[in-house]
């Protein structure tokens, strides 16, 4: 949960606070003068990658590196690096003649985006009710191309709050949301998704597998400071009558979610997820 601007050294990430507040780790508002691109490392590279993808059209579905460089204004040497990255991720396919086209993998992304739009329309009033009841930010997260992605959020009105942006990616190997989404996968698919993680850290992967198993049985999961320091979260599965299609999550600063309040917050999240699941199931009938 990256913050929008850095606070004091060592401050927790994932918090946001109103400008002028006292003793809070992150200030939400205009970035300090001179922060510019340094406040968002990698943002320019991400924009360029998106520009490459957006250069393709139905009428111009196959392009050379030079075509892409001219359409995007990206220098040719840099373009080759972005092409290599997109090919590595399976989003771009090249032929022996130096021509490139988008891969069929983007079709699944387009379908996921379309499905998310319809779910958001149903989810928004439920999420607003939950945010009003619990006083915290509420996010709806879907698994898109093996990555948990926030597709909708309703922010808390508190000055100090966990901050998410629609389109923001979450880690797949930790956090309440990831456990819920992984619990909706078959064991075989889950192993494929986490193969690299399991190879790098077998013990951590075993602990995650046990947590996911418990989430699958319960339909919910919690986490404490697994992604961001000072943040506790409760997440519950959203289903379409059978399959898990999303996770409804409330991340809360620990200062407002002590142990005695966590059961209440979890109950509110579970009730809202059940309500949303019912609405989605009815809409699909």
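Bear in mind these aren't lab numbers, they're just calculated from the coordinates by the rules spelled out. None of the values given here were measured: they were computed from a predicted structure. Note that we place each Cβ from the backbone using ideal geometry, even for glycine, and neighbour counts take in every protein chain shown.
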Order of 193, 100, 80 under a 10 Å beta carbon neighbour criterion, fewest first: 80, 193, 100
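Beta carbons within 10 angstrom, averaged per residue: use that to sort the peptides 206-219, 84-97, highest first. Show your work: numbers first, answer last.
Working: 206-219: 16.2, 84-97: 13.2.
Descending mean neighbour count gives 206-219, 84-97.
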Likely footprinting exposure, 107, 227, 120, fewest C-beta neighbours within 10 Å first: 107, 120, 227
Ranked list, fewest to most other Cβ atoms within 10 Å of each Cβ, for 99, 150: 99, 150
